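The values are calculated or read from the model by the stated rules, or taken from the named source; none is laboratory data. What you see is a predicted model; the values in this text were computed from it and never measured. Backbone-built Cβ (ideal geometry, glycine too); neighbour counts: all protein chains shown. Keep in mind that these areas ignore ligands, DNA and RNA; they rest on the heavy atoms of the full protein, side chains included. Shrake-Rupley method; radii C 1.70, N 1.55, O 1.52, S 1.80 Å.
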Amino acid sequence: MTERSLPSAGDVRSGLGSVRAALSRNRLRVAFVVLILVSAAVVASAAGEGVSTASKADVPDAPPTDNHTVVTESGRAGTITAYQPNGEVLYYNNSRTKYFDADPVEGDPLTVEYAATDTLHTEGPNCGAPPCTRNVIERADLETGEVEVLYERYDYKEYAGEWHDVDRINESHFVVADMVADQVFIVNTETEVVEWLWDAQSDFPLEGGHSWPRDWAHINDVEYIEEGQMEGRIMASLRNQDQVVFLDREEGLLEDWTLGSENEYDVLHEQHNPDYIPESQGGPAVLVADSENAQIKEFQREDGEWTQTWQWEDDRIQWPRDADRLPNGNTLISDTHGNRVIEVNQSGEIVWEVGSSLPYEAERLETGDESAGGESAQSLGLENRTAADTGGGGGDGGGGFGFNPLAFLGDLIESILPHRIYNALLFVSPVWMGSTEFAAIGVALFSGLAWIALEIRWKLRDAGVRFRLPFYRTRSE
Ligand SMILES: O=[N+]([O-])c1ccc(OS(=O)(=O)O)cc1
């Protein structure tokens, strides 16, 4: 029989220390599990929500309204959807890779013409080095479903290789926003002869915009002006130069008319879909989706200058890419990362709304092309609406009765990241991802990594491995 000595005070102290250490380690482990589970629950519940337009069966019905509505999408799903006035889907097509700007055909309101794109992934005579692009001007009869290609061109690249907008000039001619070559051209679609062309390089330096030739000017909109003092001129949107320009077919760029200036983000920041409102409707004015500023804006031409006369935003709008003034004074907005198309009335209230994964453009049919029948904000006397007017300064972290730390963190991430980075992140994420879900994923990742690091440290410490900083102070210091 061996004689066992009583534990010393030191033994007791170190024993208590290990119990305390084990307890605090377990407490930390529980905290990490809770953080990861809560974050996973937030992401999982969001994943069950979110609108999808990937198939006709998924497309949500719209509320009733007086006329038909067409919505196009480009992104993960390329779709064109037409809603009947009763809100049911009349027409749906997702056979092209991407659908961009759509316009009604004059005299035939249930037929639309649009720019669309196919991405070619296979090497062949039409694509020497995949991926390539086939750009088409196409016409669809929404009642019969008949689709006809009016003009097409193969292009050598996919990234910024599309035509986002074309505009019919007459029976045989279209003006095309050629993003591939950073040009605007007029083509006779019967003879396929290009009869006029403006090259953005003639007037803008290659040092501006994004990188050339990858995606320099990003000309994403073009409009042939049909009446008033600018009749016969062409308006074009150079997204990457933050400018809307006016082109004369003889004189070229009309510099005095340019709206916006590169990197002057107070005016425009990577805009989409400007609509020209002529004098007969209270213009000259330009209604435009100021995309990276998350606002819809209107500018009035006064004394040879552009003055901002209207602005609309709410606390959800994110990367809008289209706004049309309707004949009743309402404005139809495609809110891409708000995942909706909305109609706001003259008081700024939302009076119609339909969900859409990543809407590019919306047209209310039987009301003319884009803002054709709409009056300017100035002549309607529209008042500005800001996010503060709609119950918050954006995001959902600070509002409501309870404090939601993930939503708060999400808002913080959103406010710190540059708009372009945040919007690019949203563009490549599933539709249901928002700032709260980004924050939840961040918290889960951070907790997981911190937990792994601590477990490694604890294991090494238990094995007697201690880390010492490469410098230490001696007692005499
Ligand atoms: O779907 N695309 O390929 C696509 C969509 C949007 C986009 O950017 S935008 O600013 O022109 O809308 C560019 C390419």
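Quick look at the numbers
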quantity	calculated
Strands (runs of 3 or more DSSP E) completely within the stretch 164-266 that count 3 or more residues being open to solvent by less than 10 Å² (accessible area, probe 1.4 Å) and at pLDDT 95 or above	173-178, 183-188, 219-224, 234-238, 243-248
In the stretch 322-339, the residues that are touching a residue at least 24 places away in the same chain (Cβ under 8 Å), within 18 Å of the chain's Cα centre (by Cα) and open to solvent by less than 10 Å² (accessible area, probe 1.4 Å)	Asp322, Ala323, Asp324, Leu332, Ile333, Ser334, Asp335, Thr336
Hey, Ser347 under 29 Å from Gly75 (Cα atoms) and either modelled with pLDDT under 95 or out of contact with any Ser or Thr (no Cβ under 9 Å at 6 or more places or on another chain) (or both) or not	no
Those residues of the stretch 249-288 which are more than 16 Å from the ligand (Cβ to nearest atom) and on the phi > 0 side of the Ramachandran plot, in sequence order	Gly252, Asn263, Gly282
Residue that is in contact with a strand residue (DSSP E or B) (Cβ under 8 Å, 6 or more places away or on another chain), open to solvent by 10 Å² or more (accessible area, probe 1.4 Å) and closer than 19 Å to Thr72 by Cβ, where the choices are Gln271, Gln295, Gln311, Gln318	Gln318
Criterion violated by Gly283 - all others in (1) touching a His at 6+ places or on another chain (Cβ under 9 Å); (2) assigned to a loop (DSSP other than H, G, I, E, B); (3) surrounded by 24 or more Cβ atoms within 10 Å (Cβ to Cβ); (4) not aromatic (Phe, Trp, Tyr) satisfied	(1)
Among (1) modelled with pLDDT of 90 or more; (2) open to solvent by 60 Å² or more (accessible area, probe 1.4 Å), the one test that Arg466 misses	(1)
